[in-house]
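A.B. asks: Would you mind keeping the following structure in view while I ask a few things?
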Amino acid sequence: MGDSVCLKGIISKADINQQFEKELYDRSKIFFDIKSLELMWSFLNIIRNQIAHTNGLYDDKAKQSLNRRIENLAKHYRGNDDCLLSITMILDVFEDHNAQVKKTGYLVVDDSLENIIRNISIFVMESLYACNRDKIANKVLKSDS
């Protein structure tokens, strides 16, 4: 979770935690708090690590880790009806990939997974931009006063 720690540090240092969470939810409709982003990132990170370090092969330990991360993500969203449709669609994609790993030992990155990664990146960057834009605008307004 190194990258999410860096992001948390950036938003914390800039004192935009609440605004970032709001902007992120407004854009994504799935990340209602920073923990939901961390859990999603954790899932995507194991996929990246397996590709980078084992040529995409999932041994029993990696299979268990992948499954546990999907379960943790699903558990975090339990009872949050605002995100129900979006997270169900994403979890369906993840479950399909998990079944593929259980069956073959490999995960093939397809368009659906690529789009999820792409969209998360866009949501995060746009949210950071919006927070920064608002912060700069507030400084300008204060200096004009």
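Readers should treat all values here as calculations from the given coordinates under stated rules, not as data from a laboratory. All of these numbers come straight from a predicted model, not from anything done at the bench. Neighbour counts run over all protein chains shown; Cβ positions are idealised from the backbone, glycine included.
A.B. asks: Could you give P(r) for the chain, binned at 5 Å from zero, as whole percent values over all Cα-Cα pairs?
C.D. replies: Going out from 0 Å in 5 Å bins, the chain shows 2, 9, 17, 20, 17, 13, 9, 5, 3, 2, 1, 1, 0 percent.
A.B. asks: Sticking with this one: Mind listing the phi-derived Karplus ³J(HN,Hα) values for segment 17-33, rounded to whole Hz, using 6.51, -1.76 and 1.60 with θ = phi - 60°, and x for any glycine or proline?
C.D. replies: 3, 5, 5, 4, 4, 5, 4, 5, 5, 4, 7, 8, 6, 10, 9, 8, 7
A.B. asks: Longest exposed-loop-site-free stretch of the chain, with trypsin sites (Lys or Arg not before Pro), DSSP loop and at most 16 other Cβ within 10 Å? Present the calculation step by step, with values, prior to reporting the outcome.
C.D. replies: Values: sites that count: 29, 78.
Formally, the longest exposed-site-free interval is 79-145.
A.B. asks: If one computes the Cα centroid of segment 11-27 and of segment 54-76, what distance in Å separates the two points?
C.D. replies: Value for the Cα centre distance between the two parts: 28 Å.
A.B. asks: Additional query: Only Cα pairs under 8 Å and at least 6 apart count here; give the relative contact order of segment 2-135 as a rounded whole percent. Write down the numbers at each step before the final one.
C.D. replies: Details: 92 pairs, mean separation 38.8, N = 134.
Averaging sequence separation for qualifying contacts and normalising by length gives 29 percent for segment 2-135.
A.B. asks: Just subtract the alpha-carbon distance of residue 49 and residue 29 from 0.36 nm times their residue separation and send over the number in nm, one decimal. All intermediate terms of the calculation are to be shown ahead of the outcome.
C.D. replies: Numbers: separation 20, 0.36 × 20 = 7.20 nm, distance 2.70 nm.
Gain on extension, residue 49 to residue 29, equals 4.5 nm.
A.B. asks: Under a point spin-label approximation (7 Å from Cα along Cα-to-Cβ), what is the residue 60-residue 74 distance to one decimal in nm?
C.D. replies: Distance between the two pseudo-spin positions: 2.2 nm.
A.B. asks: Given charges of +1 on the Cβ of Lys and Arg and -1 on the Cβ of Asp and Glu, with all other atoms neutral, how large is the dipole of the chain about its Cα centre, in debye to the nearest 20? If you can, show how the numbers build up before the last one.
C.D. replies: Numbers: 20 positive and 21 negative charges, 84 e Å.
Dipole of the chain, to the nearest 20 debye: 400 debye.
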